[in-house]
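Here the structure comes first, spelled out in structure tokens, and everything after it is commentary.
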Amino acid sequence: MELAYYSDYAVRLVNTEEPARGKDVLTSTEAVRALFGANQSAARRATEADVTRFRSVRARLRAVFEAADGGDETLAVDLLNSLLLEFPVSPQISGHDFRDDDGRPLWHMHLADHPSNATAGFAAIAAMGLAFHLTEYGVDRLGLCEAPPCRNAYLDTSTNRSRRYCSDRCATRANVAAYRARKRLEADRAESTGRAADSAQPTTAGTERRSDPRGR
């Protein structure tokens, strides 16, 4: 498993909340466990106390994305480093579940978390995965969706660093909104031009008075 895979842990946690919409799905132990995905052995360690702890880590991870999205590279790195120090991991070589055609293990790097509690384990993996993504692709590859009011986190892996939205749905919504805004602007300009043209035309009565040789 590539270490960059673990960066998705950070995105999944950050996106359990949509502040602008007042939505938060991280409200139960079950919601915490769902974040672990296939890693059910780690998920089973979650307790009710992890809900509050997960929310705290979520706020700190969102702050990393906000700093990166705002162009403050140093702050993003500093915030992420503080998480790495608080939630360390132990990199290990693993070959489980992956075999080549000859049945030999496909060795890869694996992050072994410290199982003191579910939050510490998840935070360690999320922070390390995000750190690998940041150093591999750059701070500007950590973004927040530009389709208001979404602001979900995303990781840009496009070849031309062009990603601006967290999903195709948000991209479509933003494009439709931009198209409608352009149409309204065009309509307003056409109406304004039409009014200006009407006001510039002389009246018939005025023309007749100017052409009357008797001056009446």
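Quick notes
- When the P(r) is computed for region 1-97, the part past 21 Å accounts for 40% of the Cα-Cα pairs.
- The trypsin sites (Lys or Arg not before Pro) of region 1-97 that meet both conditions, a loop assignment by DSSP and at most 15 other Cβ atoms within 10 Å of the site Cβ, are ARG44.
- Placing MET109, MET128 in order of accessible area, with the largest value first and a 1.4 Å probe, yields MET109, MET128.
- Note on THR135 and ASP24: the extension gain reaches 37.0 nm, defined as 0.36 nm multiplied by sequence separation minus the Cα-Cα distance.
- Heavy atoms of VAL25: accessible area, 1.4 Å probe, square angstrom to 10: 90
- Take the Cβ atoms of ARG163 and ARG184, set R0 to 25 Å, and the FRET efficiency comes out at 0.35.
- Whole-Å distance, taken between Cα centres, linking region 9-27 and region 102-159: 16
- Ranking by accessible area, most exposed first, for TYR137, TYR179 with a 1.4 Å probe: TYR179, TYR137
The values are calculated or read from the model by the stated rules, or taken from the named source; none is laboratory data. Since the model is a prediction, treat every value here as computed from it, not as a measurement. Glycine also receives a Cβ, built like all others from the backbone with ideal geometry; neighbour counts cover every protein chain displayed. Only protein heavy atoms, including side chains, enter the accessible area calculation; ligands, DNA and RNA are left aside. Shrake-Rupley method; radii C 1.70, N 1.55, O 1.52, S 1.80 Å.
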